[in-house]
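Have a look at the structure below, then the notes.
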Amino acid sequence: MFSKKHDKIETLIGVSSEIKGTIELKGTLRIDGRFEGNVKADWVVLGEKGHLKGDILSSGVIVGGFIEGNINAGEYVEIMSKGRVMGDVFTQRLAILEGGLFEGRSKMQKMSPEGEISVAFKNEIE
């Protein structure tokens, strides 16, 4: 699921938390509560009870809950069986497990030699 660099969760938004704002961090963010705003992190994991309304810029995203917004992931996006994504997905690899819901557009893309992904989209959410 994670790369060796990001195999543990550094930041957690708990199931009873409701937060609005912008998050930018190194490492892995897990959201089990409600978050409204844009997220920039190495990895993002949305638990089954998690709800994110905003855009994500990361290396990888695992969706177990509900995302209303666009995802730009340099490596990987996985929508689990109870996961729902309403928005566009830009990534190298996309997996949707049976029961997962994806409503939007997807664009499979390679990372640039500098390691940057979709510069136009990145500028939109920053």
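Here are the numbers for this structure:
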| item | result |
| --- | --- |
| Strands (runs of 3 or more DSSP E) contained entirely in region 10-60, each with at least 1 residues that are under 19 Å from L94 (Cβ atoms) and among the hydrophobic types (A, V, I, L, M, F, W, C) | 43-46, 51-53 |
| Pairs, first on the phi > 0 side of the Ramachandran plot in region 89-110, second not β-branched (V, I, T), C-beta under 9 Å, six or more apart | G99/M80; G99/S81; G99/K82; G99/G83; G104/N70; G104/M86; G104/G87; G104/D88 |
| Complete set of residues in region 19-43 that are under 17 Å from E78 (Cα atoms) and of a type in the set (F, W, Y) | W43 |
| Count of region 64-114 residues which are outside any loop (DSSP other than H, G, I, E, B) and surrounded by fewer than 14 Cβ atoms within 10 Å (Cβ to Cβ) | 5 |
| Residue check, V39 surrounded by 23 or more Cβ atoms within 10 Å (Cβ to Cβ), of a type outside the set (S, T, Y) and farther than 20 Å from I96 by Cβ | yes |
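Conditions tested, residue by residue: (1) closer than 21 Å to K107 by Cβ; (2) of a type in the set (F, W, Y); (3) at pLDDT 95 or above.
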| site | (1), (2), (3) |
| --- | --- |
| H6 | no, no, no |
| K20 | no, no, yes |
| K26 | no, no, no |
| I31 | no, no, yes |
| V45 | no, no, yes |
| I62 | yes, no, yes |
| G65 | no, no, yes |
| N70 | yes, no, yes |
| E75 | yes, no, no |
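The values are calculated or read from the model by the stated rules, or taken from the named source; none is laboratory data. Predicted model only: the values in this text are computed from it and were never measured. Ideal geometry is used to build each Cβ from the backbone, glycine not excepted, and the neighbour counts take in all protein chains shown.
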